[in-house]
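The values are calculated or read from the model by the stated rules, or taken from the named source; none is laboratory data. Just so it is clear, the structure is predicted and the values come from calculations on it, not from any experiment. Virtual Cβ from ideal backbone geometry, glycine too; neighbours counted across all protein chains shown. These accessible areas exclude ligands, DNA and RNA; they are computed on the full protein's heavy atoms, side chains included. Shrake-Rupley method; radii C 1.70, N 1.55, O 1.52, S 1.80 Å.
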2 protein chains.
Amino acid sequence: MNYLIKDENSQYYKCGYSCDNAIVLSCENENFFITDSRYTTEANEQVNKNTSVIESSDLAKTTRELIRKNNIFTIAYDPKEWKISDFENLKEKLPKVNFKPKENLTLLQRAVKSDKEISFLKEAVSLGSKAFDNLASFLNKTKEPLSEQNLHFKANEFLTSFGELELSFDPILAINENAAKPHAKPTKNILKKDDLILFDAGVKYKRYCSDRTRTAFFSNDFDFSFAQNFKNQKIQKAYDLVLRAHDEAIKQAKIGMKASELDKIARDIIAKGGYEKEFVHSLGHGVGLNIHEFPFINKKSQTILEENMVFTIEPGIYIPNEFGIRIEDMVVLKSDGAYIL
Amino acid sequence: MNYLIKDENSQYYKCGYSCDNAIVLSCENENFFITDSRYTTEANEQVNKNTSVIESSDLAKTTRELIRKNNIFTIAYDPKEWKISDFENLKEKLPKVNFKPKENLTLLQRAVKSDKEISFLKEAVSLGSKAFDNLASFLNKTKEPLSEQNLHFKANEFLTSFGELELSFDPILAINENAAKPHAKPTKNILKKDDLILFDAGVKYKRYCSDRTRTAFFSNDFDFSFAQNFKNQKIQKAYDLVLRAHDEAIKQAKIGMKASELDKIARDIIAKGGYEKEFVHSLGHGVGLNIHEFPFINKKSQTILEENMVFTIEPGIYIPNEFGIRIEDMVVLKSDGAYIL
């Protein structure tokens with residue numbers, strides 16, 4: 001199948017290089033990486049052996065010429081990847097070519113990871129988890145009052161190793177009731193002893209993302225391990241429930257299962273504990289070059305789980321104006337079950 | 001004119017609020033801000049008085065209902081703002097409605113700034129320029145060897161005031177030959193005395209961006225002012241030329257001028273100095289909610305400069321494998337000329 005790629009991570013997946021002004025024409029045995037003169041040197045150094053770099057000052061025009069030259073009459077594209085204007089530029093002067101929309105064309109190819117990709121994801125997780133340890137050590141030592149904004153900034157220092165690594169996404173660092181918002185923005189609220197602290201963060205290794213969440217009781221000598229002792233019994237009960245849902249989902253995940261079945265395992269545990277409505281999001285999502293990609297683990301997902309898929313397991317309970325809890329790990333699915341990366 | 005908005009900054013410009021899952025239907029006297037339940041509380045608190053927030057679990061469907069209910073038969077949209085799939089969802093079930101593509105529909109509205117917007121941009125510039133001073137003070141004091149990556153990280157600390165402000169864009173911090181790449185990525189190269197250092201950065205104030213570049217000679221007691229004394233005479237000559245092009249363009253900018261004429265003023269100075277081919281980019285770009293917006297100041301731009309347009313003046317000279325120089329300021333155009341913000 002011949003197809004056209006616009007998305008940067010899809011470019012990278014297919015060609016080993018990407019930039020913000022390129023079109024990839026992917027044919028049976030060859031990819032054409034069409035870009036402007038700013039990027040051709042780097043592109044030529046980095047593309048894989050199946051890819052030819054084509055310099056162009058008019059990407060759409062050059063792509064049309066390549067389509068004609070290679071006698072292509074049917075070509076697929078992902079309508080989620082393309083802006084209307086970019087696509088119209090490409091299509092308008094090729095009336096004889098059949099452009100076939102195929103949603104998630106390259107994302108679906110990327111759901112099952114190669115061994116090399118899994119090793120990169122494992123390294124990303126390992127680099128990310130160090131930041132959790134470093135942040136906890138720092139908080140155990142410091143005497144300064146720190147707001148969520150300050151904590152967020154400190155977390156970025158540890159996550160990026162002071163600028164050397166890239167973040168997978170803007171980290172979430174939320175205290176107490178602010179943790180009840182699944183996508184909380186950091187405020188000026190100050191962290192105090194006996195507070196609940198939720199930390200959701202990840203970094204990239206060779207462009208592959210990690211993603212992890214821990215919820216902890218901030219006391220003397222605290223850490224981001226699973227074992228937490230909250231003073232407030234309501235919080236502790238909810239925490240234990242989320243941890244059980246997390247553990248059971250990982251334990252029971254297996255090849256051939258529908259993603260919705262896996263979601264149900266965690267959701268049923270939380271529902272039985274009385275918090276069905278407070279688990280407001282899906283159980284998990286695939287992780288790779290994108291922080292969110294296939295497979296999506298939710299109530300409705302008909303995706304069949306396959307060997308070497310990598311995804312998060314992240315149940316949560318959110319009580320507005322009180323607290324929020326989420327525990328998240330990335331797992332890889334193997335023939336004998338899911339393993340935390 | 002009725003039109004549809006997808007872009008977040010355009011949403012914000014029109015309604016006073018934006019989020020990553022919304023459609024705005026803008027009619028003569030009213031805007032409809034259509035979004036899901038995660039955002040409606042915040043939206044209702046922040047939208048301006050001409051905007052109604054509509055909660056929806058299916059944005060396209062709700063938008064279609066509003067179009068029908070308001071008897072709209074012609075509606076404009078910017079094909080650069082819309083992904084094909086989002087737009088098809090909206091359009092497919094409204095065969096009687098005439099959807100009119102209008103490129104840069106809201107961006108063109110945003111080119112001339114209000115007094116309030118200018119005051120926000122001025123504040124953003126002022127906050128950004130403090131970071132230049134802070135970085136210079138830090139570098140004058142520190143004894144540690146610092147790579148471009150370390151410098152980039154330090155610059156981020158100063159720019160964001162340790163996490164309180166948002167960046168306008170990922171700052172560029174480049175030494176010597178790395179500065180010859182207009183969009184250099186930070187390397188592990190260490191800054192040494194007598195090096196050239198190029199710093200291009202900005203921050204946001206109330207979502208409005210700043211943008212500024214300085215090139216400096218790193219010596220004892222250095223700063224990012226215009227007055228620089230490079231040891232290398234070739235660099236000094238190029239620097240003086242860039243500074244003259246910058247100053248003259250600002251001095252000669254006036255209302256009614258074509259943007260291409262302004263570009264030519266700077267380009268001619270650099271060409272006469274022998275570096276025509278080494279000034280590889282356009283003279284400047286508008287700045288507002290977007291870091292790059294109208295007016296674009298380049299060789300071909302037919303845009304007529306108007307009062308209260310805000311744009312950068314940023315001539316540069318780039319000698320591959322040797323050095324790069326750029327000097328950039330943001331100006332606002334007034335009846336008696338351009339003023340640096």
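A point 7 Å from Cα along Cα→Cβ stands in for A:GLU248, and the other copies hold the same point at 7.6 nm, listed in rising order.
The simple Förster model, with R0 at 60 Å and r as the Cβ-Cβ distance, assigns B:ASP133 and A:LYS96 a FRET efficiency of 0.50. Solvent exposure of segment A:3-109, expressed per residue, is 50 Å² of accessible area, with all protein chains present and a 1.4 angstrom probe.
Along the Cα→Cβ direction, 7 angstrom out, place labels at A:ASP268 and A:SER37. What is the inter-label distance in nm? If labels sit at A:ASP268 and A:SER37, their model points lie 6.5 nm apart. Sorting B:PHE169, A:PHE222 by solvent-accessible area of protein heavy atoms yields B:PHE169, A:PHE222, largest first, with a 1.4 Å probe. Length available on full extension from A:GLU276 to A:LEU108: 0.36 nm per residue minus the Cα-Cα distance, which gives 57.4 nm. Between the listed residues A:PRO101, A:TRP82, A:ALA43, the Cα displaced farthest toward the positive end of the dipole of segment A:1-114, a dipole computed from Cβ unit charges relative to the Cα centre, is found at A:PRO101.
The label-point distance for B:LYS234 and B:ASP58, in a model that sets each label 7 Å from Cα toward Cβ, rounds to 6.6 nm.
Each part reduced to its alpha carbon centroid, segment A:31-101 and segment B:61-119 end up 27 Å apart. Counting Cβ atoms of other protein chains within 10 Å of each residue's Cβ and taking the mean over peptide B:80-87 gives 6. Take the alpha carbon atoms of segment A:208-240, find their center, do the same for segment B:266-338, and report the distance between the two centers in whole angstrom. About 52 Å separates the Cα centre of segment A:208-240 from the one of segment B:266-338.
For segment A:223-341, the Cβ-based charge dipole about the Cα centre amounts to some 380 debye (Lys, Arg positive; Asp, Glu negative; other atoms uncharged).
For B:VAL203, the residues 5 or more places off, or on other chains, whose built amide H falls under 5 Å of its own are B:GLY128, B:SER168, B:SER210. Here r is the Cβ-Cβ distance between B:ASN140 and B:ARG68 and R0 is 45 Å; the resulting FRET efficiency, rounded to 0.05, is 0.10. Relative to the globular-protein estimate of 2.2 N^0.38 Å, the Cα radius of gyration of the protein assembly as shown stands at 1.01.
For B:ASN21, inter-copy separations between label points set 7 Å beyond Cα along the Cβ vector come to 3.4 nm, shortest first. Considering only A:PHE222, A:SER301, A:ASN290, and ranking their Cα positions along the charge dipole of chain A that arises from unit charges at the beta-carbon of Lys, Arg, Asp and Glu, the one farthest toward the positive end is A:SER301. Across the accessible surface of segment B:3-109, with the other protein chains kept in place and a 1.4 Å probe, carbon and sulfur atoms take up 41 percent. For segment A:334-340, 3J(HN,Hα) computed residue by residue from phi via the Karplus equation (6.51, -1.76, 1.60; θ = phi - 60°) reads 10, 4, 9, x, 8, 10, 5 Hz, glycine and proline entered as x.
For segment A:115-340, report the translational diffusion coefficient in µm²/s to the nearest whole number, using Stokes-Einstein at 37 °C, 0.692 mPa s, and a Kirkwood Rh over Cα pairs. Answer from the Stokes-Einstein relation: 187 µm²/s.
Overall, the protein assembly as shown carries a charge dipole of about 860 debye about its Cα centre when +1 sits on the Cβ of Lys and Arg and -1 on the Cβ of Asp and Glu, all other atoms neutral.
Taking the Cα centre of segment A:186-253 as reference, the dipole from Cβ charges on Lys and Arg (+1) and Asp and Glu (-1) amounts to some 240 debye.
Note on B:GLU248 and B:SER161: the model spin-label points, each 7 Å out from Cα along the C-beta direction, lie 4.0 nm apart.
Over segment A:3-109, the ratio between the Cα radius of gyration and 2.2 N^0.38 Å evaluates to 0.97. Shape analysis of segment B:95-190 yields a ratio of the Cα radius of gyration to the Kirkwood radius, Rg/Rh, of 1.18.
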